[in-house]
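Below is one structure, written out as structure tokens; comments come after it.
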Amino acid sequence: MRLLSILVLALLMFSCKTDKKQSKNNSAENTIVKDSLIYPEEVHFKSLRQVTFGGDNAEAYWSFDDKQLVFQSNYKNWNVSCDQMFLMNANENFKDKIPPMISTGKGRTTCAYFLPDNKHIIYASTHLVDDNCPDVPLRKNGKYIWPVYDSFDIFIADLEGNIVKQLTNEVGYDAEPTVSPKGDKIVFTSTRSGDLELYTMNIDGSDVKQITDELGYDGGAFFSPDGSKIIFRSSRPKTPEAIKAYKDLLAEGLVEPTEMELYICNADGSELRQLTDLGNANWSPFFHPSGKKILFSSNFEAERGFPFNLYLIDIDGKNLERVTHGETFDAFPVFSNDGKKLAFSSNRNNGGGRDTNLFIAEWQD
């Protein structure tokens, strides 16, 4: 799933840097000045500014008018125990203030996304089953794992945090919803078939259709700018040993996300094909504004599984290009609807610690 826990866990596994507070040498001026955050090779960033300054912050998604973003955070200084949803204006940063929380503050939440009216969001939450944060298993038999909570359901809320509708009520995991730029459809991941498959539904929750049906974890899906295609990442076990391992973990509500490739299909699931064959973990894909390229995060160049950087690839699988050049973690890239800005999460400029913060870049092709 597109769970924020990967940010912390990946660092625990692969980073050799110590956990320490941000150095005083990183003054407030340096942390928000445009070009001080851009590595020399990052030619697609015209400017870059830091939005958050502590905790783990990710999956920042733009309103349809690009005036606001909704994102998830577990920052303890914001009085949360696990991921909750927060609202921000596009020009804000939160070095000295706390953004408004627009989830319930109960359970664990993930994957909020604006609806076309810019007045409501959808997101997944476990709060119907338990007000408390669910346990987060870190490893299983020595392997890195993600939990797939069957207590997740998808809800619509207003920007004051009031839930106005529950969209899913099936037994099992329903999460990772995103909205078509056309404003008519939602794509999400569910275990209602017994496997982790992709489904679409109308904005009001009607007309639910399953669009993938091959064994493996299909998730993190996004529509193309014209709503005609869907990009997602999947772990597709092939060998008898891999299939058994996958099924055994899923029976416990767990998945192992260390081997994932990108897949692309039409919005109805037709013409499905594998886009990448790079090895390691290729995930958090998002369409370039042209609809002809995909921006995604990968560690395929990393011998020990770290770092993660952003890459561009054409939708025919050609012309792979590295976009970010960090030594830690860059992921969750999301273009604004006008194509001029890119929000993403990164461990850059955190003083050598484990905080994962939001950044917004001015994009240039």
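Once you charge only the Cβ atoms, +1 for Lys and Arg and -1 for Asp and Glu, what is the size of the charge dipole of region 239-365 about its Cα centre, to the nearest 20 debye?
280 debye
Mind checking the full-extension length gain between LYS238 and GLU271? Use 0.36 nm per residue of separation minus the Cα-Cα distance, one decimal, nm.
On the way: separation 33, 0.36 × 33 = 11.88 nm, distance 2.03 nm.
In short, 9.9 nm is gained.
Out of ALA267, ALA245, ALA343, any idea which swings most in a Gaussian network model of the chain, alpha carbons joined below 10 Å?
ALA245
Once you sort the root eigenvalues of the Cα gyration tensor of region 177-321 as a ≥ b ≥ c, which label holds: rounded (a/c under 1.5), prolate (a/b larger than b/c) or oblate (the other case)? Can you show the working numbers first?
On the way: a/c = 2.00, a/b = 1.08, b/c = 1.86.
In terms of gyration-tensor shape, oblate.
How many percent of the accessible area of region 70-184 is carbon or sulfur, using a 1.4 Å probe? Intermediate results must be reported in sequence, preceding the final value.
Working: 2150 of 4950 Å².
Of the solvent-accessible surface of region 70-184, carbon and sulfur hold 43 percent.
For q values of 0.13, 0.21, 0.27 Å⁻¹, compute log₁₀ I(q)/I(0) with the Debye formula on a Cα-only model of region 118-167, without solvent.
Ignoring solvent entirely, the Cα scatterers give -0.43, -0.79, -1.01.
Can you list residues from other chains, or at least 5 along the same chain, whose modelled amide H is less than 5 Å from the amide H of CYS133?
HN-HN under 5 Å from CYS133: GLY107.
May I ask you to evaluate 6.51 cos²θ - 1.76 cosθ + 1.60, the Karplus curve with θ = phi - 60°, for each residue of region 59-69 and list the ³J(HN,Hα) values in order in whole Hz, giving x for glycine and proline?
Coupling constants for region 59-69: 6, 8, 10, 7, 5, 5, 9, 6, 8, 9, 9 Hz.
When you count, for each residue, the other Cβ atoms within 10 Å and take the mean per peptide, how do 172-180, 62-70, 325-333 rank with the highest first? It would help to have the intermediate numbers written out before the result.
Values: 172-180: 23.7, 62-70: 19.1, 325-333: 21.9.
Most protected by this proxy first, the peptides run 172-180, 325-333, 62-70.
Classify region 231-313 as rounded, prolate or oblate from the Cα gyration tensor: take a ≥ b ≥ c as the square roots of its eigenvalues, call it rounded if a/c is under 1.5, otherwise prolate when a/b beats b/c and oblate if not. List each step's numbers first, then the result.
Values: a/c = 2.30, a/b = 1.31, b/c = 1.75.
It is oblate, given that a/c is not under 1.5 and a/b is not larger than b/c.
Which one, (i) 33, 22, 21; (ii) 27, 23, 22; (iii) 39, 23, 20, gives semi-axes √(5λ) of the Cα gyration tensor in Å as derived from the coordinates shown?
Computed from the coordinates, semi-axes √(5λ) of the Cα gyration tensor in Å corresponds to (ii).
For region 74-115, compute Rh as the Kirkwood radius over C-alpha pairs and then the Stokes-Einstein diffusion coefficient at 25 °C and 0.890 mPa s; write the answer in µm²/s, rounded to an integer.
Working: Rh = 11.2 Å.
Using the Kirkwood radius from Cα pairs, D works out to 219 µm²/s.
I'd like to know which of TYR246, PHE223, PRO177 lies farthest towards the positive end of the charge dipole of region 170-267, counting +1 on Cβ of Lys and Arg and -1 on Cβ of Asp and Glu.
Toward the positive end, the furthest listed residue is PHE223.
Past 32 Å, Cα to Cα: identify those pairs from LYS97/LYS229; LYS119/LYS140; LYS46/LYS95; LYS95/LYS182; LYS182/LYS318, in the order given. Walk me through the numbers on the way to the answer.
Numbers: LYS97/LYS229 39 Å; LYS119/LYS140 41 Å; LYS46/LYS95 22 Å; LYS95/LYS182 34 Å; LYS182/LYS318 27 Å.
Exceeds cut-off: LYS97/LYS229; LYS119/LYS140; LYS95/LYS182.
Can you give me the C-alpha center-to-center distance between region 313-331 and region 40-98, rounded to a whole angstrom?
22 Å
Sorted by packing (mean other beta-carbon atoms within 10 Å per residue), highest first, where do 151-157, 189-195 land? Write down the numbers at each step before the final one.
On the way: 151-157: 22.9, 189-195: 17.9.
Highest mean packing first, the order is 151-157, 189-195.
Shape verdict for region 49-192, please, from the Cα gyration tensor: rounded (a/c under 1.5), prolate (a/b greater than b/c) or oblate.
Numbers: a/c = 1.68, a/b = 1.14, b/c = 1.48.
Verdict is oblate for region 49-192.
The values are calculated or read from the model by the stated rules, or taken from the named source; none is laboratory data. If you're wondering where the values come from, they're calculated on a predicted model, not measured in any experiment. Positions of Cβ are backbone-derived with ideal geometry, glycine not excepted, and every protein chain shown enters the neighbour counts. Areas reflect the complete protein model, heavy atoms only, side chains present, ligands, DNA and RNA absent. Shrake-Rupley method; radii C 1.70, N 1.55, O 1.52, S 1.80 Å.
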